[in-house]
C-alpha cells in the first residue's frame, strides 16, 4: 500500500516512502500477533467488541481475554467494620461473576467460540478500569485491545467514554474502538 506523496510545499512532505510495518499490517489484516483483550461492561458495545474479537481470533487463532472491572467500594463514613466491608466486596464480586456468566450465555459466546475452536478466558479485576485494562494487556502481551466506545448519555453523548478515551491515549498496544449499530427502527421513531 502506498500513499500519494503530498505536494513539495506541504509541511508534511518527506522523501521517505510510506510503508506499513509488519506489526501494523497484521493488525490491519485482522491478525493480531498476541492475545486479544476485550474489556466488557455488558453493554451492546461490549457485544460488538466481542464480535470483532471473534472475527480476529478466527483468522489469527489468538486467544481472547474477556475482562470486567469492578470499581472499588468507597467507605464514605470511614467507620465501616472490616467484616462488613469484606462481605460487601464478596457480594459485589459474586454479582459481577453472575453478570459475566449471563452476558456469555445470553450472547451465545461459549457456543460460538467452541464451534470455531477459539480459546477464551474470563476474568474480573477490582480497581480503576484504565489501570486494570492496561495491566491485563501487558500481562498477556496483547496483540490488540478491542473496546466498546462507551458512549455517555446526556449532553456529551457524542464523546467517547472516559475510560475508552484514556486507553486510546495511554495504551502501548493497538486499540480498536467499536460501537453497536443503532437500531434504525428506534432511531426513526425518535424523530
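Just a few scattered comments:
- Selected residue (only one of 96, 101 is assigned to a helix (DSSP H, G or I), modelled with pLDDT of 95 or more and over 28 Å from residue 165 (Cβ atoms)): 101
- Residue satisfying all of: in the stretch 119-136; touching a residue at least 12 places away in the same chain (Cβ under 8 Å) and in a helix (DSSP H, G or I); farthest from residue 167 (Cα to Cα) among these: 136
Results for (1) at positive phi; (2) in contact with a strand residue (DSSP E or B) (Cβ under 9 Å, 6 or more places away or on another chain); (3) at pLDDT 95 or above, shown as yes or no for each residue.
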| site | (1), (2), (3) |
| --- | --- |
| 31 | no, no, no |
| 36 | no, yes, yes |
| 40 | no, yes, yes |
| 59 | no, no, no |
| 72 | no, yes, no |
| 105 | no, no, yes |
| 120 | no, yes, yes |
| 127 | yes, yes, no |
| 135 | no, yes, yes |
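- In the stretch 155-173 there is no residue that is touching a helix residue (DSSP H, G or I) at 6+ places or on another chain (Cβ under 8 Å), closer than 16 Å to residue 50 by Cα, modelled with pLDDT of 90 or more and in a loop (DSSP other than H, G, I, E, B).
- Search result, residues across the stretch 107-118 that are part of a helix (DSSP H, G or I) and in contact with a strand residue (DSSP E or B) (Cβ under 9 Å, 6 or more places away or on another chain): 109, 110, 113
- The single condition among (1) in contact (Cβ under 8 Å) with a residue 40 or more places away in the chain; (2) touching a helix residue (DSSP H, G or I) at 6+ places or on another chain (Cβ under 7 Å) that residue 100 does not satisfy is (2).
The values are calculated or read from the model by the stated rules, or taken from the named source; none is laboratory data. Just so it is clear, the structure is predicted and the values come from calculations on it, not from any experiment. FYI the Cβ positions are ideal-geometry reconstructions off the backbone, even for glycines, and counts take in every protein chain you see.
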